[in-house]
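K.L.:
Sharing a structure, written as structure tokens. Questions coming.
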Amino acid sequence: MNEQIFELLEQTSLNWEVSKEQLFAGDGSPTSAFGVFKTKSRQHIGTVTDKYEIYQNWQMAEALILASQEVGVSFDGGGVLNGGKKVFLQASLPDAFIGQSGVKRNITALNSHDGSSSIGFGSTNTVIVCSNTFYKAFGDLAKFRHISSSAERVKSLANDLNAVIKADEEMILNFEKMAAKPLRDSMVEAVSAIGSSPSQMPLVRR
């Protein structure tokens, strides 16, 4: 685990792992159910089937960091809901302003260790503070079932999202430059002329 992942998990109280263990009946015979437990405390979080694959908190942090590399972010969201049954991480991208309009964006990673929902990953403007906002954000994200290929699929999406975010940052920067640039009189006259006579496009002196 690299230092950045460790620090993110520490500040969000998510620096722990879970394990999946087969459950047994009272007579000692194995059942078809498996329990998910916090590794150190042995707290039981949920009961799942043998097909359920664990997605650890550090994997979620790794994907979030991958998606936001080379982009200025604030890792100011993250935590535990329902005793660890659900966990989340959020990174806030800098507020973008086009003219007077503000645009808020959050890279979000959600997971349920109790098997009640899929892994969620992507971008949303919802800030998570409780179970209700957890599910609201979940509706905006790409979903991945808890299967063996999930971790790699989330990482692939994180790579794609990073590229989209960087392209978005460049686009917003261009919009900001355009919004800050005053229009020359000749440009205003040219636009007005086009509006009144579309078939005649006047030349603009530079």
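K.L.:
Criterion first (modelled with pLDDT under 95, outside any helix (DSSP H, G or I) and either charged (D, E, K, R) or touching a Leu at 6+ places or on another chain (Cβ under 8 Å) (or both)) does residue 77 satisfy it?
P.N.:
Taking the combined requirement at face value, the residue satisfies it.
K.L.:
Further question: Count, please, the residues in the stretch 1-23 that happen to be of a type in the set (S, T, N, Q) and either in contact with a Cys (Cβ under 6 Å, 6 or more places away or on another chain) or surrounded by 17 or more Cβ atoms within 10 Å (Cβ to Cβ) (or both).
P.N.:
Filtering the stretch 1-23 down to residues of a type in the set (S, T, N, Q) leaves 2, 4, 11-13, 15, 19, 22.
After this cut, where a residue has to be either in contact with a Cys (Cβ under 6 Å, 6 or more places away or on another chain) or surrounded by 17 or more Cβ atoms within 10 Å (Cβ to Cβ) (or both) as well, the list is 12.
Qualifying residue count, the stretch 1-23: 1.
K.L.:
Counting only residues that are loosely packed, with under 14 Cβ neighbours inside 10 Å and either in contact with a helix residue (DSSP H, G or I) (Cβ under 6 Å, 6 or more places away or on another chain) or within 16 Å of residue 87 (Cβ to Cβ) (or both), how many does the stretch 144-161 have?
P.N.:
0
K.L.:
State which residue pairs qualify: first residue under 16 Å from residue 104 (Cα atoms) and of a type in the set (Gly, Ala, Ser) and inside the stretch 119-137, second residue loosely packed, with under 15 Cβ neighbours inside 10 Å and modelled with pLDDT under 90 in any location, beta carbons under 8 Å apart, and separation of 6 or more residues or different chains.
P.N.:
122/140; 123/140
K.L.:
Next up: Being surrounded by 15 or more Cβ atoms within 10 Å (Cβ to Cβ) and without any contact (Cβ under 8 Å) to a residue 40 or more places away in the chain is the filter; apply it to the stretch 47-84 and report the residue that is nearest to residue 33 (Cα to Cα).
P.N.:
56
The values are calculated or read from the model by the stated rules, or taken from the named source; none is laboratory data. A quick note: this is a predicted structure, and the numbers were derived from the prediction, not measured. So basically every Cβ, Gly included, is an ideal-geometry build from the backbone, and we count neighbours across all protein chains shown.
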